[in-house]
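As structure tokens, the structure follows; a few thoughts come after it.
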Number of protein chains: 2
Amino acid sequence: MKEIIAVIKEKMIDPLSVVKTEPLPEKTIREKLAKTVREARELKIPTVVIFEGWGASGKGYMIEKLISELDPRGFKVWSIGNASDDERRYPMLKRFWDKLPSAGKMSIFDRSWYREVSISRVEEKISAKKLERRFCDILEFEKQLADDGCNIVKIFLHISKKEQGRRFEALEAFSATSWRVTDDDRKRHKKYDEYYDAFSEMVECTDREYAPWYVLDAEDKKTTAAAVCRIVLSSLEAAIKAKKERAPELDRKDDAIDKELAAQTHSCPIPNEVRTDPGIVPLPIKPLDSYDLTLDISDEEYKKKLKSLQKELFELHNRLYNKKIPLVIVFEGWDAAGKGGAIKRLTSGLDPRGFEVVPISAPTPTELSFQYMRRFWTALPRSGHIGIFDRSWYGRVMVERLEGFAKFSEWTRAFDEINKFERTLTESGAIVVKFWLQIDSDEQLRRFNERMNDPDKQWKITDEDWRNREKMIEYHIAVDQMLQLTNTSFAPWQVVEANSKKYARIKVLETVVETLRARL
Amino acid sequence: MKEIIAVIKEKMIDPLSVVKTEPLPEKTIREKLAKTVREARELKIPTVVIFEGWGASGKGYMIEKLISELDPRGFKVWSIGNASDDERRYPMLKRFWDKLPSAGKMSIFDRSWYREVSISRVEEKISAKKLERRFCDILEFEKQLADDGCNIVKIFLHISKKEQGRRFEALEAFSATSWRVTDDDRKRHKKYDEYYDAFSEMVECTDREYAPWYVLDAEDKKTTAAAVCRIVLSSLEAAIKAKKERAPELDRKDDAIDKELAAQTHSCPIPNEVRTDPGIVPLPIKPLDSYDLTLDISDEEYKKKLKSLQKELFELHNRLYNKKIPLVIVFEGWDAAGKGGAIKRLTSGLDPRGFEVVPISAPTPTELSFQYMRRFWTALPRSGHIGIFDRSWYGRVMVERLEGFAKFSEWTRAFDEINKFERTLTESGAIVVKFWLQIDSDEQLRRFNERMNDPDKQWKITDEDWRNREKMIEYHIAVDQMLQLTNTSFAPWQVVEANSKKYARIKVLETVVETLRARL
């Protein structure tokens, strides 16, 4: 601990030294900042600026100065307080995903995802292991944003205990400002030393090149605000420079690799560029073509089992609800593999207020302007609820990969991102069940034709389905890779033999029921 | 009261009689429903289905049956519980706006905006007058949705006190379901008669042709569910028929009127079709060209006043925050009238965590698929906060009217919708301040040219600005109409003489300060 305690002091920057690097009038700097923000906007670079620090360290003042010349259309300020009861029913990071900037925008956070961690470290004395887990989630989150091109600046405003005391007194002396000092503030002031350690740990554990901390000595407000503007400015300038210089080259490289890969795709199941976290070792899984698709079930058995499984699921859902465990069920599979029918049988006995089917189709332009995982994070089920994804984040490594919607660098890192996402879910208490519904090519053709010939089902089949069918071999390879790389102990795949719809539906229900039974 | 008490009984429908109108097997009805929902989706008809009724009256079961054959991509179920602390900081209806269906979708509500009203009528004994006000807000809300083409079905499930008691007992008898009966349920069961009156009032006061109530005798769950499916089905069929029959004709009528109006626009300031609520009489307001645009202020006076006004505003903002009053400030005005500069001076002394500038530009495709007012409702400030709209809902009766983005029927009813919206805001406790920044044509031209010649300001001027300038006469007429029709006692317009930027900024600050002073 001793070494960590020194971190804040060690990393502390004298704001005056920052100001001296660009000794221009404040107004000039702020106008330059406004211009640079506009440039970042045109280049579609999203920016996250985080303000953490002591109570009364001047976060509001810093933000006021930072935004004073900015076009209000380009940024948004988020004040992060305690999570609401409803927000507590989701993984910790969920409430931040809908506050992230879209391409070219800036989100400024007055306290952030670090708030909860430091408070619970001091107030609830959470263990070092739990703390590490949370920092790990946060770093993974920030890494994903940075990989997506987001520019991240984290500022910690430091003041001494004495200075904090003085500022609280000054605020309390006037009726117009006294309410700003809350009981929590006073309590935390008394625990200054403990918080000092917690903040040191935080800065030490989460300072990364892609999301660096700037610890500022914030005793002098004006100088600190001037330093903040320059720090954000130079971070934006660096991001702009990097984007301008690197982008075309990288895109070219991506293209070349994609073409090469396309040529080798049959002989090279897993590209070398796929790096998964050494801490997550996928479990072995049989290749798709090794499943026995003749498996079937008689009508009577189907009806009997369906009824009893639905009844049991209804009861398990009640217990799930009581224990406030969220359940995430993913359905993937070939077109016409019977996802809709299986989902219907799964849900038809359930209280519709306790589950939600989330159908995933091509992202909208708005969704595309955010990091890829955002639309899945924001659609997660709350505790006690069931979220059923009809298609999912796995689109990244299937359709987006094969149709070229995702760049090579994007889909190759997606395996790791997905594993970590699912680990975050399960570590926050969720159960994750993933189904791949497997049918063979003949069965798919039969079903496509059936749909074409039934006026009530024609809407279910599109030209795209036929186009996808032509690429079945490529998809087969991509799916096998996906299964191999994302079949983890915490979120294993269930391949369902689905040539017989009845067999598949029962297997899906059985799997969910068994998983819940084991957990409850 | 006696007459009202009978309403539930009077309006009660025997579900069996509904089922008899379409004596088909349930599966057939539900498949027909699924098909009809798809048709409504293609025709872009949004649908709202509300379930209200007694605890344990089977709302969950009804929804389960209703959605059992529906494509999950077309609907969403919303369970409405108590408002969260944060939700309570907004006007009551705000939390429902982001749960409304976009064009072609269906939102199913398990309890709805009626929940809070009936609970507070019984538990808090709110006055008849307050109740009427809330019903009025709700009806206005439903009317706006209906006017926008939304199909609204409101179902009330009725069971007797005895039946409710029996159902609670049955639920309590099993551990898997006993938790479903909450203390609130038991409390409300005891107050059955009071709730009966409250529900009767509710149905009586809010039963409208555009949003009818169906009060169902729900003692027999299965029959009731069958009736619900048929009610929703026939409502959808009627909406589809109406849309198919009326749409082209109405559009033609709209076009003809628009053309006619365009021809007469100079001589016909306010079209006859504009109907405003007789309960809202706008105050007289001087026409735009009668303001003295030579008004100016010296540099010293400007600096002195600016400083003292910003200081006072800072203090008033603190008091506003303490009293939890939301403040909505609207900025409208000619292009280059100085809205941005005025907003900057208004906010530069304020804590950035307590206000937000909401820049309004052309709606995105997603926004266009919802009712027009949605994006403003969802951007309202919470209590104690300041929401500054840089352009606003008034776009409907200016740019959207003149560029033909809004149909004749849409913009003519918008005056009334806007007045009612602002009344809802002020009645919920908000302060609404609206500015029109007035400059003359010469001054605008000067500023446009200045922007063109300054490389740092070129981004501020677009081709659209020049195009709008060509239509200045039409805009002038539209703006004068807007001021006349929406200058209400609760949300009056402030026309600001803005040829002198300094004068305008001071007047804006003075107006806000005076308004707050008067209120606090």
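The values are calculated or read from the model by the stated rules, or taken from the named source; none is laboratory data. Here the structure is a predicted model, which means the values were calculated and not measured. Every residue, glycine among them, receives a Cβ derived from its backbone with ideal geometry; neighbour counts consider all protein chains shown. What goes into the accessible areas is simple: the full protein's heavy atoms, side chains included, and nothing from ligands, DNA or RNA. Shrake-Rupley method; radii C 1.70, N 1.55, O 1.52, S 1.80 Å.
Under the convention of a label 7 Å out along Cα→Cβ, give the distances in nm from B:K129 to the same position in every other copy, shortest first.
Inter-copy label distances (nm, one decimal, shortest first): 6.4.
In cubic angstrom, how much convex hull volume per residue do the alpha carbon atoms of region A:4-115 span?
Each residue corresponds to 144 Å³ of Cα convex hull volume.
Would you mind giving the mean number of other chain beta-carbons within 10 Å of the Cβ of each residue in B:71-78, as a whole number?
5
For A:F135, what accessible area in Å² do you get when you roll a 1.4 Å probe over the heavy atoms of the protein chains, rounding to the nearest 10?
Looks like 10 Å² after rounding.
How large is the charge dipole for chain A, taken about the Cα centre, if only the Cβ atoms of Lys, Arg (+1) and Asp, Glu (-1) carry charge, to the nearest 20 debye?
The calculation lands at about 1460 debye.
Please compute, for peptide A:85-93, the average count of beta-carbon atoms on other protein chains lying within 10 Å of each residue's beta-carbon.
Mean shielding count: 1.
Put +1 on the Cβ of every Lys and Arg and -1 on every Asp and Glu Cβ in chain A; which of A:A56, A:T378, A:N499 then has its Cα farthest towards the positive end of the dipole?
With unit charges placed on the Cβ atoms, the residue in question is A:A56.
To the nearest Å, what is the center-to-center distance of region B:402-441 and region A:43-110, using C-alpha atoms only?
Centre-to-centre distance over Cα atoms comes out at 30 Å.
Taking the Cβ of A:S112 as the centre, find all other residues whose Cβ is under 12 Å away and add up their charges (Lys, Arg: +1; Asp, Glu: -1).
+2
With every protein chain kept in place and ligands, DNA and RNA left out, what is the accessible area per residue of the protein assembly as shown? Probe 1.4 Å, answer in Å².
For the protein assembly as shown, the solvent-accessible area averages 45 Å² per residue.
Roughly what would the spin-label model give for B:R469 and B:E301, points 7 Å off Cα along C-beta, in nm?
Each label point lies 7 Å from its Cα, and together they span 3.0 nm.
Could you check the simple spin-label distance between B:F490 and B:R208, using points 7 Å along Cα→Cβ, in nm with one decimal?
For B:F490 paired with B:R208, the spin-label model returns 1.5 nm.
Report the Rg/Rh value for chain A, based on alpha-carbon coordinates and the Kirkwood definition of Rh.
Ratio of gyration radius to Kirkwood radius for chain A: 1.02.
Let me know the shape class of region B:349-418, please: from the alpha-carbon gyration tensor, a ≥ b ≥ c as square roots of the eigenvalues, rounded when a/c is under 1.5, otherwise prolate if a/b is greater than b/c, or oblate.
The shape class here is prolate.
On average, how many beta carbons from a partner chain sit within 10 Å of the beta carbon of a residue in A:61-69?
Whole-number average of other-chain Cβ neighbours for A:61-69 is 3.
Along the charge dipole of chain A, pointing to its positive end and built from +1/-1 on Cβ of Lys, Arg, Asp and Glu, which listed residue (A:L288, A:I477, A:T412) has its Cα farthest out?
Checking the options against the dipole of chain A, the answer is A:T412.
Quick one: accessible surface of B:M373, probe radius 1.4 Å, all protein chains present, in square angstrom to the nearest 10.
So the heavy atoms of B:M373 present about 0 Å² to solvent.
Sequence-distant or interchain residues sharing an amide H contact under 5 Å with A:K154, placed H: which?
Excluding prolines and chain starts, which carry no amide H, the hits are A:I50, A:Y214.
Expected output is a single nm value to one decimal: the length gained when fully extending between B:A170 and B:K44, i.e. 0.36 nm times separation in residues minus the C-alpha distance. What is it?
Fully extending the segment from B:A170 to B:K44 adds 41.1 nm.
So for region B:1-73, if I pair up every lysine 8 or more residues apart or on another chain, how many of those pairs have alpha-carbons under 24 Å apart?
20
Run the quick spin-label model on B:S160 and B:D277: label points 7 Å from Cα toward the beta carbon, then report their separation in nm to one decimal.
With each label placed 7 Å out from Cα toward Cβ, I get 4.1 nm.
Bin by bin, in steps of 5 Å, what percent of the Cα pairs in region B:364-520 do you find, going until the bin that has the longest distance?
1, 7, 14, 19, 19, 18, 13, 7, 2, 0
How big is region B:162-243 by Rg and Dmax over its Cα atoms, in Å?
Using the Cα atoms of region B:162-243, the pair Rg, Dmax is 16.8, 49 Å.
Under 14 Å from a label point 7 Å along Cα→Cβ of B:K190: give me every residue in region B:113-145 with its amide N that close.
Hits in region B:113-145 for B:K190 at 14 Å: B:123.
How far apart are the B:D185 label points across copies, placing each 7 Å from Cα toward Cβ, in nm, shortest first?
Computed spacing set for this position: 4.5 nm.
Rank by packing, highest mean first: peptides A:481-493, A:169-181, with packing defined as the count of other Cβ atoms within 10 Å averaged across residues.
Going from most to least packed, we get A:481-493, A:169-181.
Determine which residues of region A:473-508 fall in the zone a paramagnetic label at A:D292 would reach in this model, i.e. backbone nitrogen under 16 Å from the point 7 Å along Cα→Cβ.
Answer for this model: A:495-500, A:503-504, A:507.
Working with all protein chains in place, sort B:K143, A:K187, B:K339, B:K162 by solvent-accessible area computed with a 1.4 Å probe, largest first.
The ordering from most to least exposed comes out as B:K162, A:K187, B:K143, B:K339.
Buried accessible area for the B:A pair, summed, 1.4 Å probe, in Å² rounded to 100?
3500
Can you tell me which of A:38-49, A:121-132 comes out highest on packing, and rank the rest after it, using the mean Cβ neighbours within 10 Å?
A:38-49, A:121-132
Rounded to the nearest 20 debye, what is the charge dipole size of the protein assembly as shown about its Cα centre when +1 sits on each Lys and Arg Cβ and -1 on each Asp and Glu Cβ?
Magnitude of the dipole: close to 2200 debye.
If Lys and Arg each add +1 and Asp and Glu each add -1, what is the summed charge of the other residues whose beta carbon sits under 14 Å from the beta carbon of A:I138?
Once positives and negatives cancel, what remains is +3.
For label points placed 7 Å from Cα toward Cβ, what is the shortest-first list of nm distances from A:M12 to its copies?
7.5
Summing Lys, Arg as +1 and Asp, Glu as -1, what charge do residues with Cβ under 13 Å from the Cβ of B:K420 carry, B:K420 excluded?
That sum, taken over residues with Cβ under 13 Å, equals -4.
Put +1 on the Cβ of every Lys and Arg and -1 on every Asp and Glu Cβ in chain B; which of B:S348, B:N487, B:Y114 then has its Cα farthest towards the positive end of the dipole?
It is B:Y114.
Taking R0 as 30 Å, what's the FRET efficiency between B:E427 and B:E403 from their Cβ-Cβ distance, rounded to 0.05?
Using R0 = 30 Å, I get an efficiency of 0.40.
Here are some pairs, B:K99/B:K307; A:K76/B:K307; A:K99/A:K434; A:K457/B:K241; A:K99/B:K130; which of them have Cα atoms lying more than 32 Å apart in this structure?
From the list (B:K99/B:K307; A:K76/B:K307; A:K99/A:K434; A:K457/B:K241; A:K99/B:K130), the Cα-Cα distance tops 32 Å for B:K99/B:K307; A:K99/B:K130.
On each of the three principal axes of the Cα atoms of region B:457-513, give max minus min coordinate, whole Å, ordered largest first.
Principal axes ranked by extent give 37, 28, 16 Å for the Cα atoms.
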